[in-house]
Amino acid sequence: MAKKNDDFFKQKKPWSEVKDELLGCYLKPYMQKILYTKHPVVYVDCFAGKGAFEDGKPGSPLIALNTMQECIGQTKIDGWSIQPNFIDLNYANDLHKNLAGYGDITIISGRYEDKIENLLLNKANCNVFLYIDPYGIKALNYRLFQDFATKYSFYSIELLINMNSFGFIREGCRVLGVSFDSSDIFEDLIEYESTKLDTNEKSVETLNEIAGGDYWQDIIKSKNRNEISVYEAESLFSEQYCERLRENYSYVLNMPLKIKKGQVPKYRMIHATNHVDGCLLMVNNICNRWQFMKDIQNNGQQLLFEENYNNETVDMADITQKAITVFQQAKEFTRLNPILADFFMQNGPICKVSEIKDIIKDLEKKDKIEVRRTPAYTDKGKPSKFFADEKKQKTEIRWKR
């Protein structure tokens with residue numbers, strides 16, 4: 001068994017702040033929307049840890065519970081049901097202590113991969129949200145993610161996964177006998193329980209199960225032939241892993257966690273959902289969390305040029321052209337939100353949703369796009385001008401030939 005990092009929970013690290021903010025700031029609008037379905041909400045923190053750090057900062061369980069309490073206090077929905085669950089192999093006693101006073105919660109002592117299927121067995125027609133922030137990569141068996149989407153008959157299912165993408169590349173190289181100097185690259189790769197696999201067929205199969213296929217092997221072999229760098233290998237693996245998730249989840253986004261500018265991402269926060277609203281909420285969330293990450297990278301100093309979540313310079317002319325390429329595919333009237341989500345699936349969360357809506361507004365003024373709104377008129381009889389796609393307001397667009 002890999003050695004555990006006993007100092008892991010002593011002090012909350014900056015990258016942990018970012019990923020927990022990504023969770024907390026998404027959960028609030030998620031809960032506000034999902035309660036309106038009037039189906040029970042089942043929340044599972046699959047690697048809950050102690051619930052709090054020794055420096056007094058909250059861990060993901062406290063962040064989630066505080067967010068849920070806030071949403072419950074604000075909702076006007078009757079008959080709501082939220083079932084918080086927390087799984088951890090080593091710290092169930094700490095969880096009971098740190099989460100005391102939060103009412104009806106379930107704390108499970110054991111391994112996520114051993115407990116999760118039984119926990120979800122009778123949750124048909126529920127809204128299920130899984131926060132999966134594992135100790136190492138071995139627990140991330142892709143088959144479970146596939147089964148969650150296809151075998152359980154949930155009303156909805158969303159995943160927020162912390163993928164140690166560079167740790168996977170490290171083990172892929174080890175298992176296939178590919179070496180490289182990693183002393184500087186792994187300097188900030190802080191792990192509670194690092195995965196270390198041997199060079200054998202069983203380890204190859206383990207990595208196949210994690211990745212959901214053997215595509216990673218070609219990436220490592222390309223690295224070995226010096227056709228790509230280790231940085232490109234991590235990027236390719238993350239891209240193809242997300243593509244594999246899209247076989248079962250319509251919308252998959254990822255946010256690289258880089259503490260130093262120009263550094264390879266040590267982790268990727270991956271969000272998977274089948275609901276377009278969830279996708280667009282997460283786009284804005286990633287953009288907002290990137291501001292926090294950017295301050296960490298630059299010690300609060302202002303940048304000369306605006307950058308996106310991937311440290312790429314923001315070029316609105318390029319974003320506009322990318323948006324036009326997507327809009328031109330709408331040869332018939334098409335709902336706004338799916339088109340917006342398609343843009344971000346093709347290009348990543350490179351800007352906020354509102355910025356793409358501004359591009360649409362400009363294209364409408366230039367008579368490039370036809371917009372159909374329902375209702376077409378306001379209560380005062382004036383033409384509607386909204387760009388919303390909700391229950392009471394529907395927007396459709398069509399590219400003009």
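Would you mind checking the tilt of helix 215-224 against the longest principal axis of the Cα atoms of the chain, expressed as 0 to 90 degrees and rounded to 10? With both axes taken from Cα atoms, the answer is about 70 degrees. If you build a Gaussian network model of the chain, linking Cα atoms that sit under 10 Å apart, which residue out of Lys382, Lys13, Lys368 swings the most? Between Lys382, Lys13, Lys368, it is Lys382 that shows the largest mean-square fluctuation. Amide H contacts for Gly136 (H built 1.01 Å from N in the peptide plane; partners 5 or more residues away or on another chain; cut-off under 5 Å): Tyr192, Glu193.
Each residue of region 387-392 was assigned a 3J(HN,Hα) from its phi angle through the Karplus curve 6.51 cos²θ - 1.76 cosθ + 1.60 (θ = phi - 60°); the sequence is 10, 10, 9, 10, 5, 8 Hz, with glycine and proline shown as x.
For region 142-156 versus region 345-401, the inter-centroid distance based on Cα atoms is 33 Å. Taking each DSSP H run with n ≥ 4 as -39500 (n - 2.57) and averaging over every residue of the chain yields -13500 deg cm²/dmol at 222 nm. Each residue of region 245-256 was assigned a 3J(HN,Hα) from its phi angle through the Karplus expression (A = 6.51, B = -1.76, C = 1.60, θ = phi - 60°), giving 4, 5, 5, 10, 10, 5, 10, 10, 10, 9, 10, x Hz with x at Gly and Pro. Taking amide hydrogens as placed 1.01 Å from N in the peptide plane, the amide H of Ala330 sits under 5 Å from those of Trp399, each at least 5 positions away in sequence or on another chain.
In this structure, the amide hydrogen of Ser156, modeled 1.01 Å from its nitrogen in the peptide plane, lies closer than 5 angstrom to those of Cys126, Asn127, Val128, counting only residues at least 5 positions away or on a different chain. With a Förster radius of 56 Å applied to the C-beta separation of Glu355 and Glu201, the computed FRET efficiency comes to 0.70. Rounded to the nearest 10 degrees, the angle from helix 336-347 to the longest Cα principal axis of the chain is 40 degrees.
Holding the Cα-Cα limit at 23 Å, pick out from Lys322/Lys368; Lys357/Lys382; Lys33/Lys361; Lys357/Lys400 the pairs that are longer than that.
Cα-Cα > 23 Å for Lys33/Lys361; rest within.
In terms of its Cα atoms, the chain spans 69, 55, 45 Å along the principal axes, sorted from long to short.
With r as the distance between the Cβ atoms of Gln346 and Tyr231 and R0 = 25 Å, compute the FRET efficiency 1/(1 + (r/R0)^6) and round to 0.05. Efficiency computed from Cβ-Cβ geometry: 0.65. Straight-line cross-link reach from Lys202 at under 17 Å between alpha-carbon atoms covers these lysines, not counting any fewer than eight positions away in the same chain: Lys138.
Helix 60-74 versus the longest principal axis of the chain: what is the Cα-based angle in degrees, 0 to 90, to the nearest 10? For helix 60-74, the angle is close to 30 degrees. Can you bin region 20-125 into rounded, prolate or oblate? Criterion: square roots of the alpha carbon gyration tensor eigenvalues sorted a ≥ b ≥ c, rounded for a/c under 1.5, prolate for a/b above b/c, oblate for the rest. It is oblate, given that a/c is not under 1.5 and a/b is not larger than b/c. Counting 0.36 nm for each residue step from Leu121 to Arg398 and taking away their Cα separation leaves a gain of 95.4 nm. If you run the Gaussian network model on the chain, springs between alpha carbon atoms under 10 Å, then out of Tyr249, Tyr102, Tyr377 the most flexible one is Tyr377. Most fluctuating residue of Gly172, Gly59, Gly79 in a GNM of the chain with Cα springs under 10 Å: which is it? Result for the chain, Cα springs under 10 Å: Gly79 fluctuates most. For the pairs Lys28/Lys123; Lys151/Lys223; Lys38/Lys97; Lys12/Lys221; Lys19/Lys385; Lys221/Lys266, flag any whose C-alpha to C-alpha distance is greater than 26 Å. Over 26 Å Cα-Cα: Lys151/Lys223; Lys38/Lys97; Lys12/Lys221; Lys19/Lys385. Extending 7 Å from the Cα toward the beta-carbon at both Asn274 and Gln217 defines two label points whose distance is 3.1 nm.
Label separation (Lys382 vs Asn90): 6.2 nm, computed from points 7 Å beyond Cα along the C-beta direction.
FYI, it's all coordinate maths here, none of it is from the lab. Values in this document were obtained by computation on a predicted structure and should not be read as measured data. No Cβ is skipped: glycine too gets one built from the backbone with ideal geometry, and neighbour counts run over all protein chains shown.
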